[in-house]
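Below you'll find the structure, written out as structure tokens, and then a few comments.
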Amino acid sequence: MANPVAQLTRRTVILAKSEGSDKTATGSPSKTVIDVTGGGLGSSQELAGTPAVFGNQSTYDTSTTIETAIIKSHTATTLTLANELSFTPSSGNYIKLDAYGTDPTPTVAANPILTMDPSITINGEVLERNAVRYQGAPLPHQIGNRSVELSFSCELKGNGKTGTVADVPEIDPLLKACGFKRTLSTNDRVYVPDSTSYDSCTIYMYLDQMVYKIVGCIGNVNFKLEQGQYGVAEFTFSGKYVDLADGAPDVNGSWGYSTEMPPILNSAALTLDSDTSVSASTFELDMGNEVVDLKNMSNSASPERFFLASRKPVGSLNPQQVVTSDYNFHNKWAQSTAISAIKCTLGSTAGNKLEFDLGSVTRLSSIAPADDAGLRRFDIGFQCASAVNSDSDVQLKFLGG
């Protein structure tokens, strides 16, 4: 071993980019049969049973309608869908094909993510050999299934705006790998859970002069807001194992970090039902994604891919105690009464303003009196839900207007 060069633990850089293959519709598409420009769709069974994402404009960023459909069959140039889209695509509209585990090569110019407290855990199943014999020492083991777990936090902030339209936030690929899809609603970038399909992402974690290039990342996010502090999003991802390799980011290149300052949780609007003057100091929302792995004996010694099996969004807030004639928290909890609106807004400047909207069927799950330095509050737990056949439990909006 050569005399090692010191590696600095705080010189860590994280890049993230959504996986997938961008295509364009051509010809005269219908709701179920779409010609794809350039072809190159592979063999007739390669994409069958996988999802594809369709937009109603030429790019994902400009599409106001984003829908997913399962590919039933395909030729080298045509996709036939198992279910109809709600809109008829036009020639030139956006298509994205599943490309799980394919490295899209993130760069410091386009894909850096400002993170806090990054950590990585290398998971490997130790396969012991517990044969009985005269010797006391064990037989040599091997490492079976391998995977990687990443965790870090990011500031909750916008990325500015172009005209009146909010720019795509820096954490976009992370949110999409946590089960969200993004749409454009007038001036706002709106993220909603999608039970049909979601992106995976590739994450590069540079540790000074070394790098992990982790593909197929799928994860969970927990949002935390506290008065007088920056809002944060705590991410945890599972991805396919890769050896640590030599490599450093292009430190002489143009770094693409967002320059927006994160808004402080002051003068925030918190709404319960029709009450827009709720006094609370904390708000938390955990998407509760269940990440599972698919094992396949014909695959290498790691899961073939990770999936989101389910989600159970839960959260908490701590409003000041009020008399029951003002707002009866206990009765809402005891009667399982749906809260018609739970909204929390962070920031006040268009392009750097976020809103959490938890739908209309959220219910309180727990309630307890609490002492906050002599001030009485209620510690409230809630559980988000959706209407039948609707992903309407959570919306996260980056507001441009």
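When Lys23 is tested against (1) open to solvent by less than 50 Å² (accessible area, probe 1.4 Å); (2) under 30 Å from Leu244 (Cβ atoms); (3) of a type in the set (Lys, Arg), only condition (2) is not met.
Residues in segment 335-347 that are more than 14 Å from Leu270 (Cβ to Cβ) and surrounded by 13 or more Cβ atoms within 10 Å (Cβ to Cβ): 3 in all. Across segment 118-163, the number of residues qualifying as outside any strand (DSSP E or B) and open to solvent by 80 Å² or more (accessible area, probe 1.4 Å) comes to 11. Scanning segment 306-317 for residues that are part of a strand (DSSP E or B) and surrounded by fewer than 19 Cβ atoms within 10 Å (Cβ to Cβ) turns up Phe307, Ala309, Ser310, Val314, Ser316.
Among the conditions (1) open to solvent by 60 Å² or more (accessible area, probe 1.4 Å); (2) of a type in the set (Lys, Arg); (3) over 30 Å from Tyr241 (Cβ atoms), Lys332 misses just one, which is (1). Where strands (runs of 3 or more DSSP E) sit wholly within segment 348-401, those with at least 2 residues that are open to solvent by less than 60 Å² (accessible area, probe 1.4 Å) and either basic (Lys, Arg) or more than 16 Å from Gly231 (Cβ to Cβ) (or both) occupy 363-372, 375-383.
Here Pro106 clears all of (1) of a type outside the set (Ser, Thr, Tyr); (2) modelled with pLDDT under 95; (3) buried (at least 16 other Cβ atoms within 10 Å of the Cβ); (4) under 26 Å from the mean Cα position of the chain (by Cα) except the condition numbered (2). Among the residues of segment 184-211, those identified as open to solvent by 30 Å² or more (accessible area, probe 1.4 Å) and assigned to a strand (DSSP E or B) are Ser185, Asp188, Leu207, Met210.
Select the strands (runs of 3 or more DSSP E) contained entirely in segment 1-116, then report the ones holding at least 1 residues which are of a type in the set (Asp, Glu) and either under 28 Å from Phe235 (Cα atoms) or free of Cβ contacts under 8 Å to residues at least 24 places away in the same chain (or both).
The qualifying strands (runs of 3 or more DSSP E) are 21-26, 66-74.
The values are calculated or read from the model by the stated rules, or taken from the named source; none is laboratory data. Given the structure is predicted, the values throughout are model-derived calculations rather than measurements. Neighbour counts are summed over all protein chains in view; Cβ atoms, including those assigned to glycine, are modelled from backbone coordinates with ideal geometry. Surface areas here come from the heavy atoms of the whole protein model, side chains and all, with no ligands, DNA or RNA. Shrake-Rupley method; radii C 1.70, N 1.55, O 1.52, S 1.80 Å.
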